[in-house]
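Notes to accompany the following structure.
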Amino acid sequence: MSKDGMRLAHFAKTQPDVLAVQSMWGDRTFFELNANSNRLARALRRRGLTAGDGVAIVCSNKPEFAEAVHACLRTGLRYTPVNWHLTPDEVAYIVRDSQAKAVLGDARFATMLGMAAELAPDATVRLAIGGNIEGFEPYDDAIAEEDGADIGDPVPGFRMLYTSGTTGEPKGVV
């Protein structure tokens, strides 16, 4: 990973038409992945997130997961991938404990995410990926009007993972 979180931008320039993500939910070239990552970075900033803030990502293997990771890596955000096999209470615990200000959630898990969101009220930015979730803004709408060009002021972001919690509650590890 580059120091400023913009390594993906290099591949978008040097091999823009090469497939970066392939899934049953859609594909992205390096150019498309980079552009959507920039759009999401701008959308998150517009909604008040700043470097150091947390973002919880509850998503299956969709292109938007990669977009979210790269948006965080270039805006100084701390992203936490959350296992979608967890219960709503477990998801809510991780969202709260990680101090996430945003939740990006796969609509496939709408019921679980809706319940978890009620238990984690501080995560006020909520984006629904691939469909509707009550109380969430559609991801595609959030990024639609944003500029896909590389952001001019990248800040390196980082990842926070959670342990299995075998001695109690899961623990966040940066």
Inset, instruction - Scan the stretch 136-165 and report the pairs whose first residue is at negative phi and whose second residue is of a type in the set (Lys, Arg) and surrounded by fewer than 19 Cβ atoms within 10 Å (Cβ to Cβ), with Cβ atoms within less than 6 Å and a gap of 6+ or a chain change. - result: THR163/LYS171
Inset, instruction - Among the residues of the stretch 27-58, write down those that are out of contact with any helix residue (DSSP H, G or I) (no Cβ under 6 Å at 6 or more places or on another chain) and either open to solvent by 30 Å² or more (accessible area, probe 1.4 Å) or among the polar types (S, T, N, Q) (or both). - result: ASP27, THR29, GLU32, ASN38, ARG42, ARG45, ARG46, ARG47, GLY48, THR50, ALA51, GLY52
Legend entry - Criterion violated by MET24 - all others in (1) open to solvent by 20 Å² or more (accessible area, probe 1.4 Å); (2) touching a residue at least 60 places away in the same chain (Cβ under 8 Å); (3) of a type outside the set (Lys, Arg) satisfied: (2)
Inset, instruction - May I ask you to verify whether ASN61 is under 24 Å from ARG108 (Cα atoms) and in a helix (DSSP H, G or I)? - result: no
Inset, instruction - From LEU73, LEU86, LEU77, grab the single residue that is touching a strand residue (DSSP E or B) at 6+ places or on another chain (Cβ under 6 Å), of a type outside the set (Ser, Thr, Tyr) and either crowded, with 24+ Cβ neighbours inside 10 Å or farther than 26 Å from LEU33 by Cα (or both). - result: LEU77
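The values are calculated or read from the model by the stated rules, or taken from the named source; none is laboratory data. No experiment lies behind these values; they were computed from the predicted model shown. Heads up, the Cβs are rebuilt from the backbone with ideal geometry, glycines too, and the neighbour counts pull from every protein chain shown. For the accessible areas, the whole protein counts, side chains as well, though only heavy atoms, and no ligand, DNA or RNA atoms are used. Shrake-Rupley method; radii C 1.70, N 1.55, O 1.52, S 1.80 Å.
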